[in-house]
1. Keeping to segment 7-48, report how many residues are touching a Gly at 6+ places or on another chain (Cβ under 9 Å) and of a type in the set (G, A, S).
2. With (1) surrounded by fewer than 11 Cβ atoms within 10 Å (Cβ to Cβ); (2) of a type outside the set (A, V, I, L, M, F, W, C); (3) more than 16 Å from the chain's Cα centre (by Cα); (4) modelled with pLDDT under 90 as the list, and P25 as the residue in question, which single condition is left unmet?
3. For segment 55-75, give me the residue count where each residue is at pLDDT 90 or above and aliphatic (A, V, I, L, M).
4. Filter segment 82-99 for residues that are at pLDDT below 70 and surrounded by fewer than 11 Cβ atoms within 10 Å (Cβ to Cβ) and give the result.
5. Identify, please: which residue in segment 32-71 is assigned to a loop (DSSP other than H, G, I, E, B) and surrounded by fewer than 13 Cβ atoms within 10 Å (Cβ to Cβ) and is, among those, farthest from the chain's Cα centre (by Cα)?
Amino acid sequence: MKVINEYAKLKRVILGSSKSFGGTPELSDAYDPKSKKHIKNGTFPTQESIDEEMGGFFNVLNKNGIEVLRPKIIDDYNQIFARDIAIVIDDKFEIANMINDRSRELDTQRKN
């Protein structure tokens, strides 16, 4: 896969997974301010709402002929935002610097 710009036709994408995302974390387990806010307010998304949203996104991508790659599922682990762990620049796949809480995501192999 080679990415030359940000506006060319999307052909292939890695889409995270909502399966087995671990449910609502304890406040002490949340590592980002937005999650902490939603846990405190009782507005953290449910497994069902995330499944519905991710499923709809997958269907739109698929309907438009985009190949969707999915990560291997890690049980009880939030893998929704796969784009946060790496980026593609030209023909190079670069892994991002990330916090230790997210490092397990790098161990997954492509499911597709």
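The values are calculated or read from the model by the stated rules, or taken from the named source; none is laboratory data. Keep in mind the model is a prediction, meaning the values are calculated, not measured. Ideal geometry is used to build each Cβ from the backbone, glycine not excepted, and the neighbour counts take in all protein chains shown.
1. 1
2. (1)
3. 4
4. Once the filter is applied, which keeps residues that are at pLDDT below 70 and surrounded by fewer than 11 Cβ atoms within 10 Å (Cβ to Cβ), segment 82-99 yields only I99.
5. Top of the filtered list is G42.
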